[in-house]
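> Input: one structure, supplied below.
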Amino acid sequence: MPQIEMSPIGERLQAIAKSRNLSLREMCRLLEKHSVYIHQLKNTPDEKTLKIIMDNFPEVSLRWLCTSIGDMHDDLEEESRVYKGNRIFEKRK
């Protein structure tokens, strides 16, 4: 059976999980998603999922997560916002 290639956003979620020693299954459970969610994700997660990520991984740069720009743990003020559609998500301090 051929291996399914993970999308860039899925790879970033996998990196977050790995940084906390979580399996992908545990990460999906935390995100309240099906166990294959990360493998199937093609675009930026929905608003509810982004909020769960922000609440559980406050050290993670949302800019990096959504765009791959910068580093996973960037702590710059201007990188504390992420735009999704017409909504702005503020990273909690």
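> For the structure I just gave you, tell me whether Pro58 is in contact (Cβ under 8 Å) with a residue 60 or more places away in the chain, open to solvent by 60 Å² or more (accessible area, probe 1.4 Å) and of a type outside the set (Gly, Ala, Ser). Don't jump to the end; show me each part of the working.
Working: in contact (Cβ under 8 Å) with a residue 60 or more places away in the chain: no; open to solvent by 60 Å² or more (accessible area, probe 1.4 Å): yes; of a type outside the set (Gly, Ala, Ser): yes.
No.
> To continue, here is another question. For the stretch 1-48, enumerate the residues that are of a type in the set (Ser, Thr, Tyr) and on the phi > 0 side of the Ramachandran plot. I'd like the intermediate steps shown before the answer.
The first filter runs over the stretch 1-48 and keeps only residues of a type in the set (Ser, Thr, Tyr), leaving 7, 19, 23, 35, 37, 44.
Scanning the stretch 1-48 gives no hits.
> Now a separate question. For residues that are touching a residue at least 24 places away in the same chain (Cβ under 8 Å) and crowded, with 19+ Cβ neighbours inside 10 Å, tally how many sit in the stretch 25-49.
3
The values are calculated or read from the model by the stated rules, or taken from the named source; none is laboratory data. The structure presented is a predicted model; accordingly, all values stated were derived computationally and were not measured. FYI the Cβ positions are ideal-geometry reconstructions off the backbone, even for glycines, and counts take in every protein chain you see. Remember, those area values only see protein heavy atoms, side chains included, never the ligands or the DNA or RNA. Shrake-Rupley method; radii C 1.70, N 1.55, O 1.52, S 1.80 Å.
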